[in-house]
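Here is the structure we will look at.
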Amino acid sequence: MKYKGVVNGPTYKYTVGRDDVQSLMMNTEMTAAIGLNSWAAFAGKQEDAHIAGDIAMLEHEVNPVIRALRAHNLEVVAVHNHMLGDTPRIMFLHYYGRGSAAQLATGFRAALDQLGKGKRGGGREGMRGEMKH
């Protein structure tokens, strides 16, 4: 599956929903359309780009995602949650990096590849593929 991004001023942004997770927050189903998603925004040039984004994770995915980002020289800026009483608990991680666009995209892909593994099962088979625009 290939993702298409959208141009927003000087940035190109990819948004990837968490269709593998059903979460209730404040007794309301959380969907990708209202924030249960991960995203990456790119700016700059192919060889000198910036990436900033957010990754939506289950609690047990936090450490593997951090390891994947750090292994690709992406900086973890914040880890936090958005709601109270969410089930299961959803954590959000903000990150930033600078380098070639291809290198940055590889780091984002590595973080996404950590989602849907482990305690909850439910692989991310539909997530395999390259991001193209």
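The values are calculated or read from the model by the stated rules, or taken from the named source; none is laboratory data. Given the structure is predicted, the values throughout are model-derived calculations rather than measurements. Neighbour counts are summed over all protein chains in view; Cβ atoms, including those assigned to glycine, are modelled from backbone coordinates with ideal geometry.
Brief remarks on what is shown
- Those residues of segment 95-133 which are part of a loop (DSSP other than H, G, I, E, B), surrounded by fewer than 18 Cβ atoms within 10 Å (Cβ to Cβ), within 16 Å of the chain's Cα centre (by Cα) and modelled with pLDDT of 95 or more, in sequence order: ASP113
- Among the residues of segment 77-94, just one is within 21 Å of GLU29 (Cβ to Cβ) and of a type in the set (Gly, Ala, Ser), namely GLY85.
- Residue tally, condition under 14 Å from ILE90 (Cβ atoms), buried (at least 20 other Cβ atoms within 10 Å of the Cβ), over 11 Å from the mean Cα position of the chain (by Cα) and modelled with pLDDT of 95 or more, over segment 23-69: 2
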